[in-house]
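Novice: Below: one structure in structure tokens.
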Amino acid sequence: MIKLSSVLLVDDDPATNHLNERLLKDLGVADQYLSANDGEQAFAVLKELSANANPSSPVLVLLDVKMPGMDGMAFVEAYQQLPPAQKQAVVIVMHTASMSSHDLGLIEALPIAGLVSKPLTRDKVDLILKLHYQRQFLVS
């Protein structure tokens, strides 16, 4: 599988970021794994990453919905203000434990690539790669 250039894991629970990073590393998804514990930190990292991203060197953002401070929805609103060239190679997938109809309605209205429920699994990663990057890891 051709690797993504970077994966940015955004969750206010450091243990979730750590477990997701271990899974993604085990699957060989990307060359670089970064994590942030809040939306502000994540947005600063994404601005830097997206400045160098291009379609042949894509970035995946796994973004928690509910976080203190800048939550996932506010992060997406800020992301929308970036220049189009910086957004072209970034795929944002919301990653949430909340499946309430209210939250799902709000998420559905966002300009994101998709939604995946927690916990992240091998099958969910494979689906994200197939849908958004036309890639998949080899099943062992």
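Novice: Would you call residue 25 among the basic types (Lys, Arg), without any contact (Cβ under 8 Å) to a residue 12 or more places away in the chain and part of a helix (DSSP H, G or I)?
Specialist: Working: among the basic types (Lys, Arg): yes; without any contact (Cβ under 8 Å) to a residue 12 or more places away in the chain: yes; part of a helix (DSSP H, G or I): yes.
Yes: the conditions hold for residue 25.
Novice: A follow-up question, please. Enumerate the helices (runs of 4 or more DSSP H) found wholly within region 42-112, keeping only those where 1 or more residues are hydrophobic (A, V, I, L, M, F, W, C) and touching a residue at least 24 places away in the same chain (Cβ under 8 Å).
Specialist: Once the helices (runs of 4 or more DSSP H) in region 42-112 are filtered for at least 1 residues that are hydrophobic (A, V, I, L, M, F, W, C) and touching a residue at least 24 places away in the same chain (Cβ under 8 Å), what remains is 72-79, 101-108.
Novice: For region 75-94, does any single residue satisfy the condition of being exposed (fewer than 14 other Cβ atoms within 10 Å of the Cβ) and in contact with a Ser or Thr (Cβ under 7 Å, 6 or more places away or on another chain)?
Specialist: No.
Novice: May I ask you to say which residue of 5, 35 is of a type in the set (S, T, N, Q), under 12 Å from the mean Cα position of the chain (by Cα), on the phi < 0 side of the Ramachandran plot and assigned to a strand (DSSP E or B)? Spell out the reasoning first.
Specialist: On the way: 5 fails: under 12 Å from the mean Cα position of the chain (by Cα).
Going through 5, 35 in turn, just one is of a type in the set (S, T, N, Q), under 12 Å from the mean Cα position of the chain (by Cα), on the phi < 0 side of the Ramachandran plot and assigned to a strand (DSSP E or B): 35.
Novice: Moving on. Here's a check for you: in region 36-74, which residue that is at pLDDT 95 or above and polar (S, T, N, Q) is surrounded by the fewest Cβ atoms within 10 Å (Cβ to Cβ)?
Specialist: For region 36-74, the residue satisfying everything is 41.
The values are calculated or read from the model by the stated rules, or taken from the named source; none is laboratory data. It should be emphasised that the depicted structure is a prediction, and the values quoted were computed from it without experimental measurement. Glycine gets a Cβ as well: all are built from the backbone with ideal geometry, and neighbour counts include every protein chain shown.
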